1. Please list the three semi-axes, largest first and in whole Å, of the ellipsoid equivalent to the chain, using sqrt of 5 times the eigenvalues of its alpha carbon gyration tensor.
2. Just want the answer: with Cβ charges of +1 for Lys and Arg and -1 for Asp and Glu, which residue in L28, I42, Q67 is farthest toward the dipole's positive end in segment 1-77?
3. Against the longest alpha carbon principal axis of the chain, how many degrees, from 0 to 90 and to the nearest 10, is the axis of helix 99-115 turned?
4. Please compute the per residue accessible area over the chain with all protein chains in place, 1.4 Å probe, rounded to a whole number of Å².
5. Quick one: if you stick a label point 7 Å off each Cα along the C-beta vector at A100 and F125, how many nm between them?
6. If the reach is capped at under 27 angstrom between alpha carbons, list the lysines near K12, excluding any in the same chain fewer than eight residues apart.
7. Evaluate the distance, in nm, between pseudo-label points positioned 7 Å from the Cα of V134 and of K48 along their respective Cα→Cβ axes.
8. Leaving out ligands, DNA and RNA, and with a 1.4 Å probe, what % of the accessible surface on the chain is carbon or sulfur?
Amino acid sequence: MRAVLQRVRRAKVTVGGETTGEVGAGWLVLLGVAPTDTAKDIDWLADKVVNLRAFPDADGKMNQSVQDVGGAVLVVSQFTLYGDCRKGRRPGFTGAAPPAVAEPLYEAFVAAVRALGVLVAAGRFAADMQVELVNDGPVTFVIDCGDGPQPAAAQPH
């Protein structure tokens, strides 16, 4: 699994003009699923998202988790996180799990974060979504787990 976490003041996802998920302060998680991802990856990543200390404490230091600050998590599926742009001009998506594999893992991730006691909202799997956010910081992290394709190392030009 690959996740892009953006600390937000607020975030919202809409599909066809209908809001499917909205949160106040917390994380916007863009989630990509690889074909080799497992329940173990889901549990590890859910724990990381809920407990990552990237929210400011009283002294302004990144020392609190989304759970510590009473924040929420908006999860949006994004297979393009596994897009390979190294060759040619069109990205390849063979590193992304097919929908029949990815959707249950995406739903299981949402449920795993919720089970850890955090308010969770979500987009709609495989839909054309519009995501609005107010990035806080900005603070953004990319987290890879499991045996899925890893980002290519930086290549000299």
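1. Details: eigenvalues 123, 67, 53 Å².
Computed over the chain, the values are 25, 18, 16 Å.
2. The Cα lying farthest towards the positive end belongs to L28.
3. Between helix and principal axis, roughly 20 degrees.
4. 55
5. 1.3
6. Partners found: K48, K61.
7. Computed distance between label sites V134 and K48 equals 2.9 nm.
8. Working: 4540 of 8690 Å².
It is 52 percent, rounded to a whole number.
The values are calculated or read from the model by the stated rules, or taken from the named source; none is laboratory data. Since we're looking at a predicted model, the values are computed, not measured. Neighbour counts are summed over all protein chains in view; Cβ atoms, including those assigned to glycine, are modelled from backbone coordinates with ideal geometry. These area figures cover heavy atoms from the full protein model, side chains too; ligands, DNA and RNA do not enter into them. Shrake-Rupley method; radii C 1.70, N 1.55, O 1.52, S 1.80 Å.
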